[in-house]
Amino acid sequence: MGLKSVAPPSALTGVGLGLPRTVDRTVEAWLDHLRVERGLSPHTVLAYARDVAAFLAHTGLGRTEPATALADVDKDDVVAWLATDRRPGAAPATTARRLAGVRGLHRFALGLGLVSRDPAEGLLPARRPDPLPHVLGRESVEALLASIRGREPLALRDRAIVEALYATGA
């Protein structure tokens, strides 16, 4: 499986010539890449920035450390950090976004050759529960049934189909 996005040289705009030297500069280059190359909304980029800052704080990885220090992060670090969000009421979508942020940063660093692997590879985001279906109210069903008029075969068929669907909850 190839990477969807390998950071092009233009993603390093504003961080000097060559590769970013610190974790902080790598994060800045990745966020610039998200804004400019990928066209993500400012709100999404801000959410990823907060998530990655929280992840780095959790791992104890200083932002002024060499960019290659990202290679010290392993899958256990990612799992432990994601587990801090396992509180009642935590939305699975938030956990999925947090994982996507860590994965995105490491894939960006991988594309630059700063790390040799993505520690989040193979981790699956939290499963989002299926939403409950919306149901018609009694008045809406009665209006629907009343709209099927007549005694001809097609009208009787249509009414039978609607009644069967309603009776089965489909």
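The values are calculated or read from the model by the stated rules, or taken from the named source; none is laboratory data. What you are looking at is a predicted structure, and each value in this text was computed from that prediction instead of being measured. Note that we place each Cβ from the backbone using ideal geometry, even for glycine, and neighbour counts take in every protein chain shown. Areas reflect the complete protein model, heavy atoms only, side chains present, ligands, DNA and RNA absent. Shrake-Rupley method; radii C 1.70, N 1.55, O 1.52, S 1.80 Å.
Over all directions, how big on average is the projection of the convex hull of the alpha-carbon atoms in region 85-170, in square nanometres?
10.5
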What is the magnitude of the charge dipole of the chain about its Cα centre, with +1 placed on the Cβ of each Lys and Arg, -1 on the Cβ of each Asp and Glu, and no other charges, expressed in debye to the nearest 20? 260
May I ask for the net charge around THR64, where only other residues with Cβ less than 12 Å from the Cβ of THR64 are counted and Lys, Arg are +1 while Asp, Glu are -1? +1
Tell me whether the chain comes out rounded, prolate or oblate; compute the Cα gyration tensor, take square roots of the eigenvalues as a ≥ b ≥ c, and use a/c under 1.5 as the rounded threshold. prolate
Can you give the net charge of the other residues whose Cβ lies under 14 Å from the Cβ of ARG117, counting K and R as +1 and D and E as -1? -3
At most 11 other Cβ atoms within 10 Å plus a DSSP loop assignment makes a site exposed; report the longest stretch of the chain without any exposed trypsin sites (Lys or Arg not before Pro). 5-85
How much accessible area per residue does the chain have, counting only protein heavy atoms and a probe of 1.4 Å, in square angstrom? 64
Can you bin region 131-170 into rounded, prolate or oblate? Criterion: square roots of the alpha carbon gyration tensor eigenvalues sorted a ≥ b ≥ c, rounded for a/c under 1.5, prolate for a/b above b/c, oblate for the rest. oblate
For the chain, which whole percent of the accessible surface, found with a 1.4 angstrom probe, sits on carbon and sulfur atoms? 58
